[in-house]
Structure formats: C-alpha cells, structure tokens
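Please treat every number below as a calculation from the coordinates, not as lab data. Everything numeric here is computed off the predicted structure, so don't read it as measured data. No Cβ is skipped: glycine too gets one built from the backbone with ideal geometry, and neighbour counts run over all protein chains shown.
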Amino acid sequence: MAAPASKQKKKAKAWSGRFGEPVDALVQRFTASVSFDQRLAMHDITGSLAHARMLAACGVIRRRDLAAIESGLAKVRAEIRAGKFAWSIEDEDVHSSIERRLTEIAGSPGKRLHTARSRNDQVATDVRLWLRDEIDAIVKKLSALEDALLSQAARHAALVMPGFTHLQVAQPVTFGHHLLAYVAMFERDRARLADCRKRVNVLPLGAAALAGTTFPIDRARVARELGFDGVAENSLDAVSDRDFAIEFTACAAVAMMHLSRFAEELILWMSARYGFVKIPDRFCTGSSIMPQKKNPDVPELVRGKSGRVFGHLVALLVLMKGQPLAYNKDNQEDKEPLFDAVDTLKDSLDAFTALAAGLQPQPKAMRAAALEGHATATDLADYLVRKGVPFRDAHEAVARAVRAAEAAGCDLSELPLKTLKRFSFAVGADVFKSLTLEGSVASRDHVGGTAPAQVRAAIKRARKRAR
Ligand code: ARG
C-alpha cells in the first residue's frame, strides 16, 4: 500500500527542513498502519455512522451535517467496495483515510464527525465490531466441522480400531468414538468463543482520547445501534484494554492445538505403518523426486500453522505487559497478530471440515492393528472378576496368559480355551465373548463409553446440543 517512493520523497521534503528527507519517509512508513488496518474499513464506517447519528440526536451537530456525513460515508463505502478508494500511507491509518475522503466529499460537515471522539476509542470500537463478526463466522465453521465429524462417526459407529496410550495399542475403541473425542474438543472451543464474545461486545466509544468528553453524549444509544451488549465502564480502560483480543487469540490457539492433534493423528494414520485412513487425493501433494509419494501436506500445514497462532498469543501478551495507562501506539501492533490468528484458524477449519468429510477409514488395517497388541487383556481380567476372582489376581493371571500368547506368536484372543483355562479356574467357554474386539467395545456400554450403541446415543445428544 506504500505510495511510490518518488511521491514519498516529495512529501517529506515539503514537511520540514529540520528532518532529513529519508528519515521522514521511513517514519511515515514505520508509523502507518493503513496497509493492514484498511481491513477494518467497513466497521469503521458503521461505527462512524452510529457516532454521527448520536451526535445529531444529542444536538452536538446539526441535522444537515448528519445528512452530509451519512451520504458522504455511503459514497466512501461504495468507493472502498469497488476498489476505487485511494489508500495512502500519508493518511497513516484507516480512520484518518476515511475521514480525509469524507471531508473531500462532504466538505466541512465531514470535519465535524470527529467531535467527541478520538482515534483511541474509535480503533477499539472498530476492532471489537470486526472481531465480533469474525467470532460468529468461526463459530459457524466449528459447527460445520462438528457436523462433518458427526456424520463420519455415525457411519463408523461400530468400526473397531485400536485405542492407544503411550502410542501403544491399549484397548479397542470404535472409530466413531475416536471422532467424537474431537467433536467434544470443538464443542468446547465453540463455547469458549461464545463466552469470549460477551467481553468483546462492549462499546469503548465515548471514552474519547482517555478521559471521556465534554459533550453531552449518549453512549447507550450508540451501543444499541451497533448491537453492543453494554458500554465500557471506565474510559481509561476502554481505550487501552486489549484483553478481548488476547482472550480471542487464546481461544484460537486452543482450537488450533486441537486441530494440530487431529492433524498429527491423520499424518500417522496415513503412513504405511498404520494405513488406518486414506484421504482424497485433492488434499495430498506429491514429491518432486520420489514418484511414489502422496504426502499429507494439508494436515502437516495445519500442525505447523498452530505454532503461528500460539506465537500471536504470546506476542499480544508481551505487547500489553509493559504498557502504562492509557492508549499507547504499541496498541497498533495488536492488529496483524489478531488478523492472522483469525485467518489461520478459519482456513484451518475449512480445510479440516473438507478433510473430515473425505476421510476413508480402512477397517482391515485397523482390525489387524487392534489384534496385534493383546488389546482385550483388560476384558479378560474383567471377565475373571465377574466370575469372582479378585482384580489383582485376575490381572496376574492374564499377564501370564499374554506371555503364553506371545510365546505362541498369536493374540491373546486366539489362544484355545484349554490353554486359557490353565491360567485361571474361572475361565469358561463364554470367555470369547469378552475376548473378541467386538465383544470388548460392546461391553463398554455406559455414557462416554466406546460401545457402538453409546456412540450412536452420543451423536444424537451432540446433534441436539448443536441445534
Ligand atoms: N492506528 C492507530 C492504532 O491502531 C489508531 C489510534 C491512533 N491513536 C493515536 N493516539 N495515535 O492504534
């Protein structure tokens, strides 16, 4: 967005003989935010309109000034939408740019818009308005991802795969159950954002530079028009508070962390060692040297991009920690991390929603892996307990049976009844119901358990909550 160098030089020269020309150009470029904060333009205009209408309603500006401001801002809006607005770093930021253009169009009424306002309360208002919309969009995207996962979970409610602890086969679970774990995470992300939105949706306008204004303003009216839930209680806090941005970025970081865990699993599952899932070719990329490769670039990038968002959270915390009250120019640095956190999260959610819908689980590989780790050993112990054996004794007996299976080169569930009986008098012919993968998952039949019936019930509940 920088103006051409020749133009900058000319301007710098006109400014002052006291400053060397190159320094002026640098400072202008260094302090300008218009290249990135023009993204707030529509919300800036919305905020200005509400402010102007309030000024007119309170008798601070005349009705005809308001009319000129309204039609002028409508024109500015149209120019920006059409890509015809002349952005220039000479205007420093989005607020000054729009006011400059408004005044060119509307004349002196345009110069009255900034009455009882400062860019300090203006920018805080703009960012809150913008972020509120983004939160709403992200919440929708989270719902779409949950929907995609719920559909897959419903399709594969009974599909058995190994569950892991320490990345070692632990107990069989259903693929549906595994996917529902992510649904639970994304549901919490959504709830966190909904809660964060309450603190975003508070109006700073009226705080002016830092101490409030001498004009008889009506902040509640502005809040109502802009759909804010309330007005900021303290003017110093209103212009300097960026908690809302930090809190949002923390929510975004947690959501990215969840996506990153999911990404990590997909990457493992797609590898030949696992072979648990295939993802559609359109989400993979090839290698420039190895013709056989199909790489999971999309999940890898999401895993990588989570680091960026964590970085933005830390950047915003550090940005704030040393600032005395009230507004400091440091705050201008809040925008790029916040914008990038929003963009990264939205793209990652879109990518994962499409990925989740396209997941093709591979039942054979999942089953084979589940049969490799004596995954039903706990089930055998539980079986013995139901027959009256104390749990510690049952644990010991099964451990010995596992050793025998290992020596025989088979899975615990594949040992013949005669052999199993050697480890405990309590083993009967009905033992195999507990030892099979299907029997194992089906028996974990309580709320939160992996039984297919429970997975189906959990899907129903999740869908009801989403409504
Ligand atoms: N561009 C500025 C920002 O993003 C707007 C507020 C400027 N206020 C000031 N006192 N210089 O923070």
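A full extension of the chain between Ala399 and Arg64 corresponds to an added length of 111.8 nm, given 0.36 nm per residue minus the alpha carbon distance.
Please work out the Cα center distance from the range 49-65 to the range 148-210, rounded to the nearest Å. That distance is 46 Å. Counting only Cβ charges, +1 for Lys and Arg and -1 for Asp and Glu, the dipole size of the range 332-455 around its Cα centre is about 1200 debye.
Shape of the chain from its Cα gyration tensor (a ≥ b ≥ c, root eigenvalues): rounded if a/c is under 1.5, otherwise prolate when a/b > b/c, or oblate? Here the chain falls in the prolate category. Remark: Met185, Met161, Met42 ranked as Met42, Met185, Met161, counting other beta-carbon atoms within 10 Å and listing the fewest first. For the chain, averaging the sequence separation of C-alpha pairs within contact (under 8 Å, six or more residues apart) and dividing by the residue count gives a relative contact order of 16 percent.
Between helix 297-321 and the chain there is an angle of about 50 degrees, using the helix long axis and the longest principal axis of the Cα atoms.
Projected label points at Arg367 and Lys464, each 7 Å from Cα along the beta carbon direction, are separated by 3.4 nanometres. Of the chymotrypsin sites (Phe, Trp or Tyr not before Pro) found in the range 389-467, those in coil by DSSP whose Cβ has at most 13 other Cβ atoms within 10 Å are Phe425. For the chain, the longest principal axis of the Cα atoms and the long axis of helix 21-31 meet at an angle of about 50 degrees.
The distance separating the Cα centre of the range 219-238 from that of the range 323-386 comes to 37 Å.
The label-point distance for Arg456 and Phe30, in a model that sets each label 7 Å from Cα toward Cβ, rounds to 6.8 nm. Cross-link partners for Lys321 among the aspartates and glutamates, with Cα-Cα distance under 17 Å and sequence neighbours closer than 8 places in the same chain left out: Asp237, Asp241, Asp243, Glu247, Asp330, Glu333, Asp334. Placing unit charges on the Cβ atoms of the charged side chains and taking the dipole of the range 241-368 about its Cα centre, the candidate lying farthest along the positive direction among Ala368, Ala357, Ile289 is Ala368. Pairs exceeding 26 Å between alpha-carbon atoms, taken from Lys111/Lys329; Lys364/Lys421; Lys364/Lys433; Lys84/Lys140; Lys278/Lys305; Lys346/Lys464: Lys364/Lys421; Lys84/Lys140. Computing FRET efficiency as 1/(1 + (r/R0)^6) for Arg39 and Val385, where r is the C-beta to C-beta distance and R0 is 45 Å, gives about 0.15. Sorting Leu345, Leu236, Leu437, Leu49 from the fewest to the most surrounding beta carbons within 10 angstrom yields Leu236, Leu49, Leu437, Leu345. Were the residues from Asp136 through Asp229 laid out at 0.36 nm apart, the gain over their Cα-Cα distance would be 32.0 nm. Calculated [222 nm] ellipticity per residue, helices only, for the chain: -21000 deg cm²/dmol; basis is -39500 (n - 2.57) per DSSP H run with n ≥ 4, divided by all residues, nearest 500. Ranked by how many other Cβ atoms sit within 10 Å of their own Cβ, fewest first, the residues Tyr274, Tyr383 fall in the order Tyr274, Tyr383.
Quick one: helix 335-358 against the long Cα principal axis of the chain, what's the angle to the nearest 10°, folded into 0 to 90? For 335-358 against the chain, the angle is about 40 degrees. The slack between Ala181 and Lys278, meaning 0.36 nm per residue of separation minus the straight C-alpha distance, is 32.9 nm.
Computing FRET efficiency as 1/(1 + (r/R0)^6) for Glu264 and Lys84, where r is the C-beta to C-beta distance and R0 is 45 Å, gives about 0.45. The calculated FRET efficiency for the pair Lys111 and Asp430, based on their C-beta separation and a Förster distance of 60 Å, comes to about 0.10.
Between Ser287 and Ala408, what is the label-to-label distance in nm when each label sits 7 Å out along the Cα-to-Cβ direction? My value for the distance between the label points is 4.1 nm.
Applying a DSSP loop filter and a limit of 10 other Cβ atoms within 10 Å to the trypsin sites (Lys or Arg not before Pro) in the range 254-358 leaves Arg273.
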